[in-house]
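What follows is a short report on a single structure.
The values are calculated or read from the model by the stated rules, or taken from the named source; none is laboratory data. Just so it is clear, the structure is predicted and the values come from calculations on it, not from any experiment. Every residue, glycine among them, receives a Cβ derived from its backbone with ideal geometry; neighbour counts consider all protein chains shown. Accessible surface is based on the protein model in full, side chains and every heavy atom, while ligands, DNA and RNA are left aside. Shrake-Rupley method; radii C 1.70, N 1.55, O 1.52, S 1.80 Å.
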Amino acid sequence: MPDISLTIVVVLCLASLAAGWIDAVVGGGGLLLLPAMLLGLPGGTPAAYALGTNKAVAIVGTTGAAVTYARKAPVDVRLAVRIGLAALAGSTAGAFVAAGLSTDVLKPVVMVVLLGVGTFVMLRPAFGTAPSAEPVSARRVLAAIGLAGLGIGFYDGLIGPGTGTFLVLALTALLHFDLVTASATAKIVNCCTNAGALATFAWKGTVYWQLAALMAVFNLVGGTVGAHTALKKGSGFVRVVLLTVVFALVANLAYQQWIA
């Protein structure tokens, strides 16, 4: 465990708690947790340790949320795992491409897409409020595996921020899920991508396991409470959180691109 003060440990645990809640409701918990890790670890700590420890924390909260959703929400676990395996392959490919590509070129494109998505959700109040009564066609399932799995998985490996939010939006649009079911499915997909990333960081030895174990307890509580909150309050509540996270993500990317 790195040499950090008790105050910083407490702050990181509280950030982990909040990030777990946000991630369980609509994705995007990494917007809070990863910057907290980067700021909280001692100066000069390689970024890989923040990334690796972050994944070790996040996978616990994500798994807790996924289990909670799977017990109480109408989730097609087999479909979610199929999309998750595709996302795992996509994120691996994205990580390889990221090694030789400046992501600064892509950030403005992502911002434009997010602004478009946020505007669409605002102008379509009924988006994701109720599942479609029509059965999902095989073509839409394949599109979900390709876009939500390979495509967003690739983005996760290439850039990363907002992957869970993109998954929720894609699953809602492609499979006609309500936002609660989309969030539940996204958690299972996230478990697959997080497991692959964590295995890589663990193999490289860039995980502070003691710190991760402590923060993971708080992330698990946040993730479980977040899943219960989304199930209790429904898609209307998730929609509000979704819009908040989308515009926070845009602001975060804009800050990284033009100010930081």
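Laid out as a table, the results:
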| read-out | value |
| --- | --- |
| Test set (1) over 15 Å from the mean Cα position of the chain (by Cα); (2) free of Cβ contacts under 8 Å to residues at least 40 places away in the same chain - T244 fails condition number | (1) |
| Scan of segment 11-49 for residues that are open to solvent by 70 Å² or more (accessible area, probe 1.4 Å) and without any contact (Cβ under 8 Å) to a residue 12 or more places away in the chain, ordered by number | L39, G43, G44 |
| T68 modelled with pLDDT under 85 and not small (G, A, S) | no |
| Count of segment 68-100 residues which are without any contact (Cβ under 8 Å) to a residue 60 or more places away in the chain and aliphatic (A, V, I, L, M) | 1 |
| Residue in segment 191-203 that is in a helix (DSSP H, G or I) and at pLDDT 90 or above present | no |
| Cβ pairs under 6 Å, 6+ apart, first in segment 135-162 and within 23 Å of V25 (Cα to Cα) and small (G, A, S), second at pLDDT below 85 and surrounded by fewer than 21 Cβ atoms within 10 Å (Cβ to Cβ) | G157/A95 |
| Tally, over segment 216-237, of residues that are in a helix (DSSP H, G or I), open to solvent by less than 50 Å² (accessible area, probe 1.4 Å) and farther than 21 Å from I59 by Cα | 2 |
| Hits in segment 50-96 (condition: closer than 15 Å to T200 by Cβ, among the small types (G, A, S) and open to solvent by less than 50 Å² (accessible area, probe 1.4 Å)) | A50, G52, A56, A58, A87, G90, S91, A93, G94 |
| Residue satisfying all of: in segment 247-260; aliphatic (A, V, I, L, M) and part of a helix (DSSP H, G or I); nearest to the chain's Cα centre (by Cα) among these | L249 |
| Unique match (being touching a helix residue (DSSP H, G or I) at 6+ places or on another chain (Cβ under 9 Å), open to solvent by 30 Å² or more (accessible area, probe 1.4 Å) and either farther than 30 Å from M1 by Cβ or at pLDDT 85 or above (or both)) among A170, A143 | A143 |
